[in-house]
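Each reported figure results from applying straightforward, stated rules to the coordinates on display, with no laboratory input. Predicted model only: the values in this text are computed from it and were never measured. No Cβ is skipped: glycine too gets one built from the backbone with ideal geometry, and neighbour counts run over all protein chains shown.
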């Protein structure tokens, strides 16, 4: 089932708001290789980082 872009945007906003943080402290991107981009390039911790895949 394909999601509409507005549905994904709402989910992202809700996820960020759950942490009571500013949107400017978050990064959102599109990539073919999520593992490499998130954990390699951006150095997000697999154990302690805040991330989600849609």
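Side notes on the structure shown:
- Conditions (1) surrounded by 10 or more Cβ atoms within 10 Å (Cβ to Cβ); (2) under 11 Å from the mean Cα position of the chain (by Cα); (3) not in a helix (DSSP H, G or I); number of the one not met by residue 30: (1)
- Taking first residues from segment 1-21 that are on the phi < 0 side of the Ramachandran plot and touching a residue at least 24 places away in the same chain (Cβ under 8 Å) and partners that are part of a loop (DSSP other than H, G, I, E, B) and exposed (fewer than 12 other Cβ atoms within 10 Å of the Cβ), the Cβ contacts under 6 Å between residues at least 6 apart in sequence or on separate chains come to 8/54; 15/52.
- Output for segment 1-27, where each listed residue is in a helix (DSSP H, G or I) and surrounded by 10 or more Cβ atoms within 10 Å (Cβ to Cβ): 7, 8, 9, 10, 11, 12, 13, 15, 16, 17, 23
- Scoring residue 50 on the criteria (1) on the phi > 0 side of the Ramachandran plot; (2) surrounded by 11 or more Cβ atoms within 10 Å (Cβ to Cβ) leaves a single failure, condition (1).
- Leading residue by the ranking (farthest from residue 17 (Cα to Cα)) among those in segment 33-52 that are within 10 Å of the chain's Cα centre (by Cα) and without any contact (Cβ under 8 Å) to a residue 24 or more places away in the chain: 38
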